[in-house]
Amino acid sequence: MEKVTMMTFFRNRMFLEGIALGSICGIIIGSIIAFTIGESSLGAIRRLINERLPGRNKVPFKYLSQ
């Protein structure tokens, strides 16, 4: 029987392409998840600020009709 070493895997082009493609997909999916979590936390921060400062949540309706 032949002894398989780690260097054999890294010489295989298909293996290296799979690692590269998996890494790119992981970065894209991770970025989407991080963006989604960041957006939801920004909304929570805005809501907290609006609750703490009651004068900020009043909308001047006279400007909305323009």
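We did not get these values from a lab; they are worked out from the coordinates using the rules stated. Given the structure is predicted, the values throughout are model-derived calculations rather than measurements. We place every Cβ from the backbone using ideal geometry, glycine too, and count neighbours over all the protein chains shown.
Quick notes on this structure:
- With the simple model of a label 7 Å out from the Cα in the direction of the Cβ, Arg11 to Ile24 spans 2.7 nm.
- FRET efficiency for the pair Glu51 and Ser31, taken as 1/(1 + (r/R0)^6) with r the Cβ-Cβ distance and R0 = 25 Å, rounds to 0.25.
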